[in-house]
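What follows is a single structure, written as structure tokens, with notes after it.
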Amino acid sequence: MTNMAENNRAVIGLKGKFASSLLEIKEFRGEVTVTVKKEDIIAICKYLKEELGYNMLTDVTAVDYYGKAPRFMLVYNLYSIPAKDRIRIKAPVDESDTSIASATCLWNSANFLEREVFDLFGINFTGHPDQRRILMADDWVGHPLRKDYPLQGPDREPYKGRLS
Amino acid sequence: MASTEIMTVNMGPQHPSTHGVLRLVVELDGEVIQKITPHIGYLHRGVEKLSEHRTYHQVLPLTDRLDYLAPMSNNLGYVLAVEKLLGIEIPERAQTVRVILTELTRLKSHLVWIACHALDIGAMTVFIYAFREREKVMQLYEKISGARMTSSYFRVGGLSADVYDGFEKDVQEIIDTFPGHFDTYEGLLTKNTIWMQRTIGNGVISAEDAINYGITGPALRGSGVDWDLRRDNPYSGYEKYNFQVPVGKNCDTYDRYKVRLVEMREAVKIIKQALDSLKPGPVLADAPQVCYPPKEEVYNTIEGLIHHFKIASEGFPVPEGEVYQSVENPKGELGYYIVSDGGTKPYRMRIRPPSFVNLGAIEKMAKGAMIADLVAVIGTLDIVLGEIDR
């Protein structure tokens, strides 16, 4: 299993250039995930884009591991159209400082995707040209996809499953 | 020199050419577009949040309602992602039926695209014709799943039931008659002077920019990027079928129109091959901890009833891990990123909607054009707000 992750071209490249910022390399169901320090996220993405040809930023999202530290995990899905392979880069973001550098300097697709993460998770993207809410109304309070945000809306009892 | 003043025009959210509830605030210098600010979220239902509170089987109906013009394609992406997490194998018959139905869905979605796109530009006849043909696919949907739009026919592990008697005949009739209909649309549009003047040179985006903006699907291929997930990262047995991936050259609305028309013809070819290779067999994987038992068992035996009850009430546990599975939807790359904590509900489910990302490029494509051309750009992007807002 780990063999496949070790033979991945992105993993080999990252191990050579960013060995000190790699936190975890994992392989599951044929997909390779590399967790990196958030300080180096732009440098790593730039390297993957320009040197290894991962030219498309397919997706930016986040996962809220509420109750654990660091609380948030930013997830970047990169795709290489020439080589037709994927790599997933993750970067932990702690609750005390919910900011990470914006990838809009590398990909324009990051604009909308990061706005959504800001809207629903409350992650701040430094350097984002237009960081506003995108799905929720401008005057909305709170970030709905956080685990401590009640399913039925603010100031409501937590959802306990269907009663029927 | 005459003094100019920038005028701000609000377009939508109730506007016939915005294909739903898209609101664009457009800044104009005369008729020339200077800036476009899209406002979305009017249809936000919190599908990703809801899915964290439902079992894996209960999430499936939510996915119908994303891109409601292509429900089966959305279902396919979701069930493939969960099956990948579980690591189960799907019987060949189920896979082939899935391919037939998702390609029919592609036809259905593209028919709405050509209908609305042409109507927006003023060709009403195409609208009437394309909706007439779409009705054929809708009727097949209704026969197979009982619903015309929100089908929820696929299941994690296969299909909810085998196809009805006469399914092959109905599909055969569609693939026999549709190429002739495509000829009609082409006859009405391809060499039509008004159509050509409205679409050639409209909404130009270079291949490099299109990749940078994350555009996927026919809109990307229209810019000359030869990339299709069905061919390049095959799923559901797409590697077995022969089909061409059309690409454009001039990166404009006219080329995207031609790409989508060829795609419809290729979809018919895929359906034909899949129909020929359809053999009898099971339609559910041999995974009793995941799949519902057959109805005869549920109604007639106590074991079957308990089995059904357990899956319906508790769901099934999914191994801890995370996967990203994407499918080539009619609109582009639809991806599901599911994080499982080992429980019976997704810990986090992210939907990567193609229309949402494609919409991000609207300013790039329409800046400097006339306001009337914006309508053509919205049409060529082929967006669905149910998927953008989720």
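Does B:Tyr68 satisfy the criteria of being out of contact with any His (no Cβ under 9 Å at 6 or more places or on another chain), aromatic (Phe, Trp, Tyr), open to solvent by 10 Å² or more (accessible area, probe 1.4 Å) and under 28 Å from B:Tyr238 (Cα atoms)?
Numbers: out of contact with any His (no Cβ under 9 Å at 6 or more places or on another chain): yes; aromatic (Phe, Trp, Tyr): yes; open to solvent by 10 Å² or more (accessible area, probe 1.4 Å): yes; under 28 Å from B:Tyr238 (Cα atoms): yes.
When the stated conditions are applied, B:Tyr68 passes them.
Only one of the numbered conditions (1) open to solvent by less than 10 Å² (accessible area, probe 1.4 Å); (2) under 30 Å from B:Leu159 (Cβ atoms); (3) in a helix (DSSP H, G or I) is violated by B:Val290, and that is (3). Residues A:Ala19, A:Ala5, A:Ala69, A:Ala62: which one is of a type in the set (Gly, Ala, Ser) and within 23 Å of A:Gln131 (Cα to Cα)? That would be A:Ala62, the only listed residue that is of a type in the set (Gly, Ala, Ser) and within 23 Å of A:Gln131 (Cα to Cα). Just so you know, in the stretch B:78-131 the residues that are over 30 Å from A:Glu27 (Cβ atoms) and of a type in the set (Lys, Arg) include one that is most open to solvent (accessible area, probe 1.4 Å), and it is B:Arg93.
Of all residues in the stretch B:238-249, count the ones that are part of a loop (DSSP other than H, G, I, E, B) and surrounded by fewer than 16 Cβ atoms within 10 Å (Cβ to Cβ).
Of the residues in the stretch B:238-249, 3 are part of a loop (DSSP other than H, G, I, E, B) and surrounded by fewer than 16 Cβ atoms within 10 Å (Cβ to Cβ).
Looking for something out of contact with any Leu (no Cβ under 7 Å at 6 or more places or on another chain), under 18 Å from B:Leu334 (Cα atoms) and without any contact (Cβ under 8 Å) to a residue 40 or more places away in the chain - is there at least one such residue anywhere in the stretch B:233-244? Scanning the stretch B:233-244 turns up at least one residue that is out of contact with any Leu (no Cβ under 7 Å at 6 or more places or on another chain), under 18 Å from B:Leu334 (Cα atoms) and without any contact (Cβ under 8 Å) to a residue 40 or more places away in the chain. Annotation: of all residues in the stretch B:40-65 being surrounded by fewer than 17 Cβ atoms within 10 Å (Cβ to Cβ) and outside any loop (DSSP other than H, G, I, E, B), the one that is farthest from the other protein chains (Cβ to nearest Cβ) is B:Pro61. Restricting attention to the stretch B:135-173 and to residues that are part of a helix (DSSP H, G or I) and among the aromatic types (Phe, Trp, Tyr), the residue that is nearest to B:Val97 (Cα to Cα) turns out to be B:Phe167.
Tell me, please, whether a residue that is of a type in the set (S, T, N, Q), part of a helix (DSSP H, G or I) and open to solvent by 20 Å² or more (accessible area, probe 1.4 Å) can be found in the stretch A:101-109. Yes, the stretch A:101-109 contains at least one residue that is of a type in the set (S, T, N, Q), part of a helix (DSSP H, G or I) and open to solvent by 20 Å² or more (accessible area, probe 1.4 Å). Listed by position, the helices (runs of 4 or more DSSP H) inside the stretch B:313-390 whose residues that are closer than 24 Å to A:Arg86 by Cα number at least 1 are B:354-359, B:385-389.
Every residue in the stretch A:75-121 that is within 24 Å of A:Arg146 (Cβ to Cβ) and among the aromatic types (Phe, Trp, Tyr), please. Result: A:Tyr76, A:Phe112, A:Phe118, A:Phe121.
Looking at B:His19, is it open to solvent by 10 Å² or more (accessible area, probe 1.4 Å), modelled with pLDDT of 90 or more and under 26 Å from B:Ile121 (Cβ atoms)? Answer is no for this residue.
So which helices (runs of 4 or more DSSP H) are wholly in the stretch B:192-231 and hold at least 1 residues that are more than 25 Å from A:Glu114 (Cα to Cα) and over 17 Å from the mean Cα position of the chain (by Cα)?
In the stretch B:192-231, the matching helices (runs of 4 or more DSSP H) lie at B:193-199.
The number of residues in the stretch A:18-73 being more than 10 Å from every other protein chain (Cβ to nearest Cβ), without any contact (Cβ under 8 Å) to a residue 24 or more places away in the chain and among the basic types (Lys, Arg) comes to 1. Every residue in the stretch B:282-297 that is β-branched (Val, Ile, Thr) and within 22 Å of B:Thr344 (Cα to Cα), please. Result: B:Val290, single match. In the stretch B:202-219, the residues that are within 10 Å of another protein chain (Cβ to nearest Cβ) reach residues that are open to solvent by 10 Å² or more (accessible area, probe 1.4 Å) and of a type in the set (Val, Ile, Thr) with C-beta atoms within less than 7 angstrom, at least six apart or across chains, in these pairs: B:Ala207/B:Val225; B:Ala210/B:Val225; B:Ile211/A:Ile81; B:Ile211/B:Val225.
Give the residue, chosen from B:Leu62, B:Leu66, that is touching a helix residue (DSSP H, G or I) at 6+ places or on another chain (Cβ under 7 Å) and touching a residue at least 24 places away in the same chain (Cβ under 8 Å).
So the residue among B:Leu62, B:Leu66 that is touching a helix residue (DSSP H, G or I) at 6+ places or on another chain (Cβ under 7 Å) and touching a residue at least 24 places away in the same chain (Cβ under 8 Å) is B:Leu66.
Rundown of residues vs (1) modelled with pLDDT under 90; (2) closer than 23 Å to B:Lys364 by Cα; (3) in contact with a helix residue (DSSP H, G or I) (Cβ under 9 Å, 6 or more places away or on another chain); (4) within 11 Å of another protein chain (Cβ to nearest Cβ), yes/no style:
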{"position": "A:Trp107", "(1), (2), (3), (4)": "no, yes, yes, yes"}
{"position": "A:Arg115", "(1), (2), (3), (4)": "no, yes, no, yes"}
{"position": "A:Ile123", "(1), (2), (3), (4)": "no, no, yes, no"}
{"position": "A:Ala137", "(1), (2), (3), (4)": "yes, no, no, yes"}
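Picking from residues in the stretch B:359-372 that are surrounded by 22 or more Cβ atoms within 10 Å (Cβ to Cβ) and within 17 Å of B:Ile200 (Cβ to Cβ), the one that is farthest from the other protein chains (Cβ to nearest Cβ) is B:Ala366.
The values are calculated or read from the model by the stated rules, or taken from the named source; none is laboratory data. Treat the numbers as computed from the prediction; the structure is a model and nothing was measured. For neighbour counting, all protein chains shown are included, and Cβ atoms are generated from backbone atoms with ideal geometry for every residue, glycine included. Note: accessible area is taken over every heavy atom of the protein model, side chains too, but ligands, DNA and RNA are not part of it. Shrake-Rupley method; radii C 1.70, N 1.55, O 1.52, S 1.80 Å.
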